[in-house]
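To start, the structure itself, in structure tokens.
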Amino acid sequence: MSQITMKELAKRLGTSVSTVSRALQNHPRIGLKMREDVMALAKELNYSPNTTAINLKKQSTKNVGVVVPWLTEQFFSMAITGIEDILFEKGYRVVLQQSRDDFEREEQAIQALMKHGVDGIIVSMGSGTYNHRHFLEVNRKGIPLVFFDRVVKSLPNSCVYTDITQASFEAVELLLNKGLTKIALLNGPNTMQSSNERLMGYVNALKLHEIELNPIYIKTTDLSFEDTVKKTHELLDLTVPPQAIFAFHDYMSLDAMQIAKERGLIINQDIFFVSFSNLSFCKYLEKPPFASIEQFPYEMGAKAANLLVDAMKKPDDYVREEVIIRSKLIVRV
């Protein structure tokens, strides 16, 4: 009779080889029932570890998958640079995928990375992601996974992000201290945690300054140009239009500013804009957004890469970490 392998154990139990491997090591990330089932079957079949196979298994692919919404956005290109700098130094290659803020694309990207073999994955979640099943599958397969910027705090994975609620509070308070009380929020989809955090910061600032919350000034978008244009027109068509708009990010601010200018409004005089990202080219604009929140994407990406390297090197000693990168409000005018 041929020697029983972990692959055979996994096949009989309907699970992955990595899960069986971890269960045999009594790893806490594997559920108690699964560990008991693996141990029982291993005992029943007289399974014994194959030392040669174990040594081969330790040879990594030296590939790390990175999935971001858009490669064209400056924020993500800077984050990727930070990721690559750390991983290159550690001897890893980066395999890039973009979701284009589409759930199906993101899911397919994750599945492709798992299929072709990577030692770990770094993800910034797309705005269209409404289900975490693909991330759960990564965890079930025992592949280290780290989130950055657009994170999922409810999953047992390390993540790196900005304190968006606090940053949003500071941005809105800047406008309030300027005497502007009619402030609109041009937000992202409510399925995104970061959108909800922006809303919370916005509401907290209004509440502290005893400004009544007016729901007509709050608009949700899918982050597309078309929806931004539509929602900006809706805000400017109000009987009492906003004096300022707090936008999801600088790209949205710039699109909304163009609509305002086409309607004859003078930027930073008739209407003010603040947002996230602090895009470098905005400093060359004659009338840039009034202020923007610098999130330090390079540092965010570098930290996410370091967390992933630690997880890949010591999977059995894995401890979830949440790292908050302190943002900075940059006033441009």
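The values are calculated or read from the model by the stated rules, or taken from the named source; none is laboratory data. This one's a predicted model, so the numbers in the text were calculated from it and none came from an experiment. Quick reminder, even Gly has a Cβ in these numbers, built from the backbone with ideal geometry, and neighbours come from all protein chains shown.
Observations on the model:
- Single condition GLU170 does not satisfy, out of (1) in a helix (DSSP H, G or I); (2) more than 18 Å from ILE325 (Cα to Cα); (3) of a type outside the set (Gly, Ala, Ser): (2)
- Considering residues of segment 231-253 that are in a helix (DSSP H, G or I) and more than 20 Å from the chain's Cα centre (by Cα) only, the residue nearest to LEU174 (Cα to Cα): SER253
- Leading residue by the ranking (nearest to the chain's Cα centre (by Cα)) among those in segment 126-138 that are at pLDDT below 95 and crowded, with 17+ Cβ neighbours inside 10 Å: GLY126
- Residue that is farthest from LYS328 (Cα to Cα) [pool: residues in segment 264-297 that are assigned to a strand (DSSP E or B) and under 26 Å from the mean Cα position of the chain (by Cα)]: PHE273
- Here ASN204 passes the criteria (1) under 29 Å from ARG133 (Cβ atoms); (2) part of a helix (DSSP H, G or I) except the one numbered (1).
- Qualifying residue in segment 185-196 (condition: in contact with a Cys (Cβ under 7 Å, 6 or more places away or on another chain), touching a residue at least 24 places away in the same chain (Cβ under 8 Å) and either surrounded by fewer than 16 Cβ atoms within 10 Å (Cβ to Cβ) or not in a loop (DSSP other than H, G, I, E, B) (or both)): no
- In the set (1) farther than 25 Å from GLY31 by Cβ; (2) buried (at least 22 other Cβ atoms within 10 Å of the Cβ), LYS182 fails one condition alone, (2).
- One residue stands out in segment 145-163 among those that are in contact with an Asp or Glu (Cβ under 8 Å, 6 or more places away or on another chain), at pLDDT 95 or above and not hydroxyl-bearing (Ser, Thr, Tyr): the one that is nearest to SER275 (Cα to Cα), namely VAL160.
- Within segment 78-91, residues that are on the phi > 0 side of the Ramachandran plot and surrounded by fewer than 21 Cβ atoms within 10 Å (Cβ to Cβ) reach partners that are not aromatic (Phe, Trp, Tyr) and not in a helix (DSSP H, G or I) with beta carbons closer than 7 Å, at six or more positions or on different chains, in the pairs GLY91/LYS62.
- The listed residue being farther than 17 Å from ILE164 by Cβ and hydrophobic (A, V, I, L, M, F, W, C), out of PHE248, PHE296, PHE273: PHE273
- Which listed residue is over 30 Å from VAL64 (Cα atoms), of a type in the set (Phe, Trp, Tyr) and surrounded by fewer than 20 Cβ atoms within 10 Å (Cβ to Cβ), from PHE290, PHE273, PHE281, PHE246: PHE281
- Scanning segment 26-51 for residues being touching a residue at least 24 places away in the same chain (Cβ under 8 Å) and closer than 19 Å to ARG320 by Cα gives a total of 2.
- Qualifying residue in segment 98-108 (condition: buried (at least 23 other Cβ atoms within 10 Å of the Cβ) and out of contact with any strand residue (DSSP E or B) (no Cβ under 8 Å at 6 or more places or on another chain)): no
Every residue, every condition in (1) out of contact with any Gly (no Cβ under 8 Å at 6 or more places or on another chain); (2) in contact (Cβ under 8 Å) with a residue 24 or more places away in the chain; (3) hydroxyl-bearing (Ser, Thr, Tyr), yes or no:
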residue	(1), (2), (3)
ASP222	no, yes, no
GLU226	yes, no, no
VAL229	yes, yes, no
HIS233	yes, yes, no
ASP250	yes, yes, no
SER253	yes, yes, yes
MET257	yes, yes, no
LYS261	yes, no, no
SER277	yes, yes, yes
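- Filtered by the rule that a residue be part of a loop (DSSP other than H, G, I, E, B) and surrounded by fewer than 18 Cβ atoms within 10 Å (Cβ to Cβ), segment 1-15 gives MET1, SER2, GLN3, ILE4, THR5, GLY14.
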